[in-house]
1. So how far, in whole Å, is the C-alpha centre of the range A:201-240 from the one of the range A:81-139?
2. Taking the Cα centre as origin and putting +1 on Lys and Arg beta-carbons and -1 on Asp and Glu beta-carbons, what dipole magnitude results for the range A:176-255, to the nearest 20 debye?
3. When Cβ neighbours within 10 Å are restricted to other protein chains, what is their mean count per residue of peptide A:57-67?
4. Going from the alpha-carbon gyration tensor of the range A:66-147, what semi-axes, largest first and in whole Å, does one get by taking the root of 5 times each eigenvalue?
5. When a/c reaches 1.5 or more, the comparison of a/b and b/c decides; with that in mind, is the range A:176-255 rounded, prolate or oblate per its Cα gyration tensor?
6. Lys/Arg Cβ at +1, Asp/Glu Cβ at -1, dipole of the range A:176-255 taken about the Cα centre: which of A:199, A:209, A:237 is farthest positive-ward?
7. How high is the relative contact order of the range A:117-162, in percent, with contacts defined as C-alpha pairs under 8 Å that are six or more residues apart?
8. So what are the radius of gyration and Dmax for the Cα set of the range B:7-91, in Å?
Amino acid sequence: MADPSDDDAAPGRTRADADDRAGASGEAAAAERESTDLDALREEVEERYDFDDFGPADMAEMEREEWEAVFDPDTWITGPELIDRVEQDLEARIATREVFARLERHPGPDGDRLLAYSDEGYAIVNPDGSVEGEGTVLRDVEPTVALCSMEQYEVQTPPEDPSLPDPDDVESGSGELGNTMLQLIAAAQILAGIGLVIGSLVWDLQPDVPQGGVIGPVVGLLFVAIGVFLFAVVANARLSDRFRAAEYRDRLRAVDEAGERPEFVPQLSDDGDEERSD
Amino acid sequence: MSTSGSTYGDIHRYEPARESTAAAIAIVLLTLLEIVFVFMFTWGLVSGWGLTADGNMFLGGLLAVVFIDLAFILAIYRKEFLPDVMVVKKRRRKWEDLYVRGDQVDGEQLEGAGIWDQFKRAVYPYYKR
């Protein structure tokens, strides 16, 4: 499974735990015996499972010790390199507006950590590849971490200024030309429709049919209906555009209130703030 | 920003409309065509073009062109003249949420069952195993 955010199988932690255990025992003999045990278990596991054709069912069957014995942490990118890659990729995604978050980098006891937060959620990426947090930000950040821990994934290059837009730069009322054109068409359709209905009342448009014309009024009413529909489309577009732009501005302001983080975001350190506040 | 604790409907991305020059030219031209054709159809129907066989076909063609033109105008409008908005939505269940794993996508194969047997099972699901 390619899920480095899974706590049980966090790539870096596995190696760190093994080192701790070996170091704590102190005696070389104990370390020796432990490593032979580990080797034996590793061989056993490699015999039992076919790693060329390894599926979730095999994964579920495996014990945790077995998993740790055969897990090769070098398969995944971890540590500072992972953080660099995730930072770069997230910046690119924020710049293309795929992820709605502000990104900060904080020094921690075991390497830098990334903090991404918005007005309603946050995510903290640790150097060992584990992610904690809540809300949509967490949902958006997790796949990025998983991808960046794989060597095959090419990280996107972020543009010059990879941050959320300034609330004052969000302009509503774009696409006015399209609205004007639709209104022109709608007016023409309604005029023509009314003309058709009146015309079919005044003149006998189908003299061969004794009951009188039916095409004229039907097409006329259809044209009027199209015109009304187009006017409704334009009115809806204008209203929802104004409304959505205002909502977006509010949300941007909520994230970026004078460079302060929302209350629920854990305070990692303060120096990350100055580095990135804009 | 959400007001009720739920994040559904939060604006995730708001990009102003693209409004490329080509699209602007196209929508103006198509609009002019649309107006011309609509009034041409109206004028033709009222002045009795449809009473001859050819004129009737011509009127039908005009009506078709009116609608096709309108379809293109709406397509351009939607693509180039509306802002790009993404909102937070509830994630609906997908087939992969139904506990189907990657190695189970083919389902259970019937061992040694002939084609006639499979047919009977397809027709009658309660056929004895």
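Every number here is computed from the coordinates shown, using simple stated rules; none is lab data. Since we're looking at a predicted model, the values are computed, not measured. All Cβ positions, even for glycine, are placed from backbone atoms using ideal geometry, and neighbour counts span all protein chains on display.
1. Computed from Cα coordinates, the inter-centre distance equals 56 Å.
2. 600
3. Rounded to a whole number, the mean comes out at 1.
4. One finds semi-axes of 23, 13, 12 Å for the range A:66-147.
5. The shape class here is prolate.
6. About the Cα centre, the residue reaching furthest to the positive side is A:237.
7. 27
8. Just the Cα atoms of the range B:7-91 yield Rg and Dmax of 19.4, 62 Å.
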